[in-house]
């Protein structure tokens, strides 16, 4: 296999990803582990929240009609007959002329229909002087005010946020059924590589792609499996490719050189659907199937690897988890400080800095210079039908998280 017979467009590659990625099966997990997970079923409430009328203020539960005409200059005297605390309701029923001391969140006593805040009263022994009129139901939280029994609280496909977990807990859910996380196996090849954390010797390189990809997989909702560096030979690569996973990411050995074995092995044992994409960097990217496993061939150069992951593999992982397929980056429109040149027929991924509100291009080439992504604030995508952008053109910046 020498040379790319043809290069697919980025759009064609994205279509292939979308055609082969559907949400995985579901699993039931503890509620405390549900942050960021995607619901596999609708969730309805079996209870009202709250299940009782409650005070929304510290003060006194009263009959609203007993406060009619009360003001700073015309105080009305009421007698304190009981106390209502959270979890410990009052026993007494509020009669005309009565008041029950009440705390925020405490149950409303029978007979009361409003709460007068403590700051609108003056305490006098076992009585209060009321200095304000309150209408009926004032400062009272009602049954089902937050959630009504029988309502659908969240629908299938919702990615759960911390406040969602709070709501689920409030309706008594201890577990939730969510789409399971995909297992993503890393196959990092390169005879020149040493494991992350080791000091490279002469003519050696420490593995940057493995830890970087593991972090990206985790960000997108997958479970990374990184068994270490794989020897650069067909037998070792074939053995690792056969290991169980939902997605396999091969980093290195993905092009068409003498030591690029992964595409050959995938073509022999499975399906090499795409190999070579009209983009810069990341043009040697490939993808295909090995049984039910989706395989992405990512370039070994770190920036190319990062870019190819973001365009294709990350999208696939997010689809399998039921998440939004779009990039998880904030974006904004900003003017270019100087022109950004591209070539028609190729999609370019330009790393940029934003200085004083203007976009300064850093690099399109330099696929091995990973620090270009750490110096950059984000990136700009130049589509294949464009020769680039002139100075002062508005471009969309995708900000690295």
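The values are calculated or read from the model by the stated rules, or taken from the named source; none is laboratory data. Quantities reported herein were computed from a predicted structural model and do not represent experimental measurements. Neighbour counts run over all protein chains shown; Cβ positions are idealised from the backbone, glycine included.
Within 30 Å of residue 153 (Cβ to Cβ), touching a strand residue (DSSP E or B) at 6+ places or on another chain (Cβ under 7 Å) and either free of Cβ contacts under 8 Å to residues at least 12 places away in the same chain or surrounded by fewer than 19 Cβ atoms within 10 Å (Cβ to Cβ) (or both): is that true of residue 179 in this structure? If you could, list the steps in order and put the result at the bottom.
Numbers: within 30 Å of residue 153 (Cβ to Cβ): yes; touching a strand residue (DSSP E or B) at 6+ places or on another chain (Cβ under 7 Å): yes; either free of Cβ contacts under 8 Å to residues at least 12 places away in the same chain or surrounded by fewer than 19 Cβ atoms within 10 Å (Cβ to Cβ) (or both): no.
No: the conditions fail for residue 179.
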Requested in this report: Would you mind stating whether residue 105 is under 30 Å from residue 168 (Cβ atoms), in a loop (DSSP other than H, G, I, E, B) and either in contact with a helix residue (DSSP H, G or I) (Cβ under 7 Å, 6 or more places away or on another chain) or in contact (Cβ under 8 Å) with a residue 40 or more places away in the chain (or both)?
Outcome: yes
Query raised in the report: Considering region 52-75 alone, what residues qualify as being assigned to a strand (DSSP E or B) and out of contact with any helix residue (DSSP H, G or I) (no Cβ under 6 Å at 6 or more places or on another chain)?
Result: 54, 55, 60, 61, 62, 71, 74
**Report entry** Test for residue 113: is it in contact with a helix residue (DSSP H, G or I) (Cβ under 8 Å, 6 or more places away or on another chain) and modelled with pLDDT of 95 or more
**Finding:** yes
Report task. State whether the residues of region 344-354 include one that is crowded, with 21+ Cβ neighbours inside 10 Å, at pLDDT below 95 and part of a loop (DSSP other than H, G, I, E, B). Result -> no
**Report entry** Top-ranked residue of region 90-100 - restricted to ones that are in contact with a strand residue (DSSP E or B) (Cβ under 7 Å, 6 or more places away or on another chain) and surrounded by fewer than 21 Cβ atoms within 10 Å (Cβ to Cβ), ranked as farthest from residue 121 (Cα to Cα)
**Finding:** 91
Report task. Could you grab me the full set of residues in region 268-309 that are under 22 Å from residue 229 (Cα atoms) and part of a helix (DSSP H, G or I)? Result -> 269, 302, 303, 304, 305, 306, 307, 308, 309
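Rundown of residues vs (1) more than 23 Å from residue 315 (Cα to Cα); (2) touching a helix residue (DSSP H, G or I) at 6+ places or on another chain (Cβ under 8 Å); (3) surrounded by 17 or more Cβ atoms within 10 Å (Cβ to Cβ), yes/no style:
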| site | (1), (2), (3) |
| --- | --- |
| 207 | yes, no, yes |
| 215 | no, no, no |
| 220 | no, yes, yes |
| 244 | no, no, no |
| 250 | no, yes, yes |
| 254 | no, yes, yes |
| 261 | yes, yes, yes |
Query - Long-range neighbours under 8 Å by Cβ, at least six apart or interchain, first residue closer than 12 Å to residue 251 by Cβ and assigned by TED's automatic domain parsing to the domain that holds residue 374 within region 299-316, second at pLDDT below 95 and surrounded by fewer than 24 Cβ atoms within 10 Å (Cβ to Cβ) - result: none
Report task. Just give me the residues in region 116-144 being on the phi > 0 side of the Ramachandran plot and at pLDDT below 95, in sequence order. Result -> 125
Query raised in the report: Do you know which residues across region 121-144 are outside any strand (DSSP E or B) and crowded, with 21+ Cβ neighbours inside 10 Å?
Result: 134
Report summary line: Note: among 227, 244, 200, just one is without any contact (Cβ under 8 Å) to a residue 40 or more places away in the chain and part of a loop (DSSP other than H, G, I, E, B), namely 200
